[in-house]
Amino acid sequence: MPDLSQSDLLLLFLALALAGLIHGALGLGFSMVATPVLALFMDVQNAILITLFPIISVNLISIYRGGRWRDSIGRYWPLALFAAAGGILGTHTLILSDPSPFRLLLAAIILLYLNLERVSRIRLDWIQTHPLGSMALFGLVGGFLAGTVNVMVPILVIFTLELGLTSTAMVQLFNLCFLAGKISQVGVFSLSGLIDRSLLVTAVPGVAIAIISLLVGMAIRDRIKAETYRRILKRVLLVIACVLIGQYLLGI
């Protein structure tokens with residue numbers, strides 16, 4: 001972990017608070033908000049490390065809330081296992097190589113999905129007709145991208161939108177996959193000797209801030225209608241694509 005000044009710590013905690021608020025309101029977004037901010041004053045690997053335990057805490061609470069787990073976790077739990085496997089591969093890639101090109105790949109996938117109506121030859125109805133195969137593909141790709149660029153959201157959003165899941169089921173499935181990916185990252189980082197005492201000390205207040213802001217965001221989400229929620233997710237995808245392209249071009 002790098003030595004952080006008081007201003008860096010303040011920015012860190014503000015980023016975690018904003019990320020928790022957005023994650024609570026949408027059921028996703030912690031990494032995509034926190035990572036770009038933290039990358040302004042630390043490298044991507046340390047940004048991923050410092051958000052590990054806040055994200056795990058946020059995921060656990062998000063999975064627990066809402067009930068009716070049979071409709072989400074009960075049917076689609078293999079997706080999380082594939083995401084964990086992809087996360088292990090992605091984290092090893094992060095440690096050994098430059099992850100920047102994968103940002104452009106993810107941005108391209110998002111933009112292609114958002115323009116499927118204009119590319120009529122590409123169909124995604126196979127997601128529903130081949131559930132296990134689609135879970136393997138989306139889980140592995142999502143986990144790999146989470147391990148390399150700390151963003152799994154777009155792949156999971158595409159998968160769940162095509163399945164037509166309820167917003168509650170979406171959120172629970174998102175967070176189950178996030179949790180599986182982060183647990184695999186903890187294992188790889190621990191074996192690599194990258195999780196130390198300074199990280200754990202910084203994580204304690206970070207976890208508290210993330211949870212408090214998450215609960216505030218959840219209160220906001222209860223007021224959002226299902227169709228509005230789906231439109232918001234597509235707009236979030238577009239923003240993510242623009243941010244990823246910007247990060248690549250600026251070398252962040």
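Any read-out appearing in this document is the output of simple, stated calculations on the displayed coordinates, not a laboratory observation. Values in this document were obtained by computation on a predicted structure and should not be read as measured data. Positions of Cβ are generated from backbone atoms using ideal geometry, with glycine treated the same way; all protein chains shown enter the neighbour counts.
Order by neighbour count: Ile158, Ile220, Ile209, fewest other Cβ atoms within 10 Å first, most last.
Numbers: Ile158 24, Ile220 13, Ile209 20.
Fewest-to-most ranking of Ile158, Ile220, Ile209: Ile220, Ile209, Ile158.
Going out from 0 in 5 Å bins, what whole percent of all Cα-Cα distances in segment 6-250 drops into each bin?
Reading upward from the zero bin: 1, 7, 14, 19, 21, 18, 11, 5, 2, 1, 0.
Just tell me, in residue order, which DSSP H segments of the chain are both 20 angstrom or longer along the helix axis (alpha-carbon based) and at least 0.5 in mean Kyte-Doolittle hydropathy. Could the numbers behind the result be given before it?
Working: long enough: 6-26 (30 Å, 1.76); 44-64 (29 Å, 1.70); 73-96 (35 Å, 1.17); 100-114 (22 Å, 2.00); 131-149 (26 Å, 1.56); 167-191 (36 Å, 1.22); 197-221 (35 Å, 1.82); 226-250 (36 Å, 1.08).
Membrane-span-like by this criterion, though nothing is claimed about a membrane: 6-26, 44-64, 73-96, 100-114, 131-149, 167-191, 197-221, 226-250.
Counting only C-alpha contacts under 8 Å and six or more residues apart, can you give the relative contact order of the chain as a whole percent? Could the numbers behind the result be given before it?
Values: 358 pairs, mean separation 94.7, N = 252.
Reported relative contact order: 38 percent.
If each of Leu200 and Leu96 carries a label point 7 Å out from its Cα toward its Cβ, how far apart are those two points in nm?
The answer from the label model is 2.9 nm.
With unit charges on the beta carbons (Lys and Arg positive, Asp and Glu negative) and the dipole taken about the Cα centre of segment 6-250, which residue among Leu89, Ser31, Leu194 sits farthest to the positive side?
Ser31
If you put +1 on each Lys and Arg Cβ and -1 on each Asp and Glu Cβ, how big is the dipole of segment 6-250 around its Cα centre, in Debye rounded to 20?
Details: 17 positive and 10 negative charges, 142 e Å.
Roughly 680 debye for segment 6-250.
Kindly put Phe13, Phe189 in sequence by how many other C-beta atoms sit within 10 Å of each C-beta, fewest to most. Mind dumping the intermediate values first?
Details: Phe13 16, Phe189 19.
Fewest to most other Cβ atoms nearby, the residues stand as Phe13, Phe189.
Label points 7 Å out from Cα along the Cβ direction at Ser192 and Asp8: separation in nm?
1.9 nm
Just grab the label-to-label distance for Tyr64 and Leu132, each label 7 Å out from Cα along the Cβ direction, in nm (one decimal).
3.4 nm
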